[in-house]
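*Asks:* Mind having a look at this structure? Questions to follow.
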Ligand SMILES: [Zn+2]
């Protein structure tokens with residue numbers, strides 16, 4: 001083994017082969033070996049002993065809206081990556097919209113990378129965007145290192161990022177498939193949204209009725225049909241409608257190249273509990289009923305849903321007006337995803353190994369990040385140290401993202417992130433953040 005600089009020891013290390021007492025040897029920011037718990041610490045190496053706190057691979061959050069540059073009053077790379085680090089996330093992928101410019105050309109990507117570089121407390125990669133006008137930009141963007149392309153099928157909420165109609169979807173998908181890329185899709189069908197009852201006001205039930213499950217189900221059905229015909233690789237973003245699970249499961253069985261994510265808010269919050277006017281709970285697609293949530297957990301348990309990622313989509317406080325129709329849609333949860341999911345997962349009989357699969361291994365695989373997502377030799381020494389049985393009450397003032405609006409305020413959650421490590425460097429220590437050492441990631445073939 002090459003010279004070891006650091007040994008991380010815990011009675012509970014979550015590895016791909018299960019959880020066990022182990023000592024993880026780190027050399028030059030990479031995991032050199034996973035050794036027996038009582039392995040001798042090599043001369044010159046520093047020992048960090050976490051006792052019974054759990055050592056997890058750093059989380060990979062592939063769905064974050066950082067909005068920087070452009071809408072930096074909403075969020076930015078400095079604040080978002082601090083929140084990520086404090087929450088046990090060591091890699092995030094930025095969504096191509098809500099920043100100005102959007103990530104729809106190589107020039108725009110470079111602009112965003114330049115802004116992110118000095119502010120990144122965790123590793124940061126970028127999704128590109130597929131809009132009606134940029135088919136010719138997709139290949140150059142892919143060659144420049146984006147991890148795939150996001151599109152909308154219904155209005156995105158910002159005018160500089162228009163949705164694709166079915167013809168444009170097929171054209172972009174064919175182009176992306178031609179060079180081996182993947183399309184990640186906000187799947188809500190515009191016709192179902194247009195014909196749903198649109199009633200403004202503070203009642204959550206009215207908002208829920210305006211974004212029906214059928215909008216998701218129909219969009220996903222169409223997406224599967226395109227993917228099947230073109231042999232395309234597609235990913236369903238933020239699945240909320242559990243009615244779509246049988247469609248997706250059947251497509252997977254048939255060999256359609258489809259993956260699916262859901263989000264902490266769909267899996268831990270319910271429509272029944274949203275108070276009138278509480279638009280910090282507004283997102284699209286919406287948080288649905290408790291019965292829908294039970295079915296989503298079943299989809300996670302049986303593997304129909306692959307990943308759990310935040311869809312952290314913040315805004316300024318003033319945009320969360322008490323009217324559900326006009327308030328900005330988006331939930332801020334970057335720092336809270338791990339404890340939120342762990343709290344519900346343990347209640348439902350799932351293990352931390354399951355949580356690691358959904359929040360680290362599977363998102364790393366989605367993005368093709370072979371160096372992330374697991375504690376095993378050769379991978380980056382990225383870790384979260386978690387006290388899984390300890391609880392805390394969410395105080396928005398302790399969150400590091402820019403605007404301390406959150407649907408989780410006042411909730412008591414299990415799982416305190418003690419520290420976070422990026423390539424062998426402690427980047428967060430009980431909520432105190434180190435100077436930025438994150439790197440920009442580019443897709444590799
Ligand atoms: Zn999103």
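Bear in mind these aren't lab numbers, they're just calculated from the coordinates by the rules spelled out. As the structure is a computational prediction, the values presented were derived from the model and not from experiment. Reconstructed Cβ throughout: ideal geometry from the backbone, glycine too, with neighbour counts over all protein chains shown.
*Asks:* Order of 103-112, 81-90, 33-42, 180-189 by packing, highest average Cβ count within 10 Å first?
*Replies:* On the way: 103-112: 19.4, 81-90: 30.2, 33-42: 14.4, 180-189: 23.1.
Output ranking for 103-112, 81-90, 33-42, 180-189: 81-90, 180-189, 103-112, 33-42.
*Asks:* If you line up the long axis of helix 166-178 against the longest principal axis of the chain, both from Cα atoms, how many degrees apart are they, to the nearest 10?
*Replies:* The answer is roughly 30 degrees.
*Asks:* Mind pulling the angle between the C-alpha long axis of helix 337-347 and the longest principal axis of the chain? Nearest 10 degrees, somewhere in 0 to 90.
*Replies:* Around 90 degrees separate the two axes.
*Asks:* According to the square roots a ≥ b ≥ c of the eigenvalues of the Cα gyration tensor, what is the shape class of the chain, taking rounded for a/c under 1.5, prolate for a/b larger than b/c otherwise, and oblate for the remainder? Please report the intermediate quantities before stating the final value.
*Replies:* Working: a/c = 1.60, a/b = 1.38, b/c = 1.15.
Prolate, because a/c is 1.5 or more and a/b exceeds b/c.
*Asks:* With both bridge residues required to lie in the chain, what share of the DSSP beta bridges run antiparallel, to the nearest 5%? Mind dumping the intermediate values first?
*Replies:* Numbers: 33 of 66 bridges.
Among the beta bridges of the chain, antiparallel pairing accounts for roughly 50 percent.
*Asks:* Something else: Fewest to most neighbouring Cβ within 10 Å: what's the order for 276, 354?
*Replies:* Values: 276 13, 354 18.
The fewest-first ordering by Cβ neighbours comes to 276, 354.
*Asks:* Moving to a separate point now. How long is the gain from residue 326 to residue 43 if the chain were fully straight, where each residue apart is worth 0.36 nm and the alpha carbon distance is subtracted?
*Replies:* 95.7 nm
*Asks:* So which residue, out of 201, 330, 29, gets the largest mean-square fluctuation from a GNM of the chain using Cα contacts under 10 Å as springs?
*Replies:* In the Gaussian network model the winner is 201.
*Asks:* Find the relative contact order for region 59-367 and round it to a whole percent, using C-alpha pairs within less than 8 Å whose residues are 6+ positions apart.
*Replies:* 18
*Asks:* Mind ordering 359-369, 319-329 by average Cβ neighbours within 10 Å, highest first?
*Replies:* So the order, starting with the most tightly packed, is 359-369, 319-329.
*Asks:* Using 1/(1 + (r/R0)^6) with R0 = 35 angstrom and r between the beta carbons of residue 316 and residue 51, what's the FRET efficiency to the nearest 0.05? Kindly include the intermediate steps, with their values, before the conclusion.
*Replies:* Values: r = 42 Å, r/R0 = 1.19.
According to the calculation, E is roughly 0.25.
*Asks:* Nearest 10 degrees, 0 to 90: what angle lies between the long axis of helix 245-254 and the longest principal axis of the chain (Cα atoms)?
*Replies:* Long axis of 245-254 versus the principal axis of the chain: about 70 degrees.
*Asks:* What is the distance, in nm, between label points placed 7 Å from the Cα along the Cα-to-Cβ direction at residue 387 and at residue 440?
*Replies:* Placing both labels 7 Å beyond Cα along the Cβ direction yields 3.8 nm.
*Asks:* Right, something else. Taking the Cα atoms of region 81-124, report the difference between the largest and smallest coordinate on each principal axis, in whole Å and largest first.
*Replies:* The Cα atoms of region 81-124 stretch 31, 18, 13 Å along their principal axes.
*Asks:* Got a sec? How would 263, 283 order by Cβ neighbour count within 10 Å, fewest to most?
*Replies:* Ascending number of Cβ neighbours within 10 Å: 283, 263.
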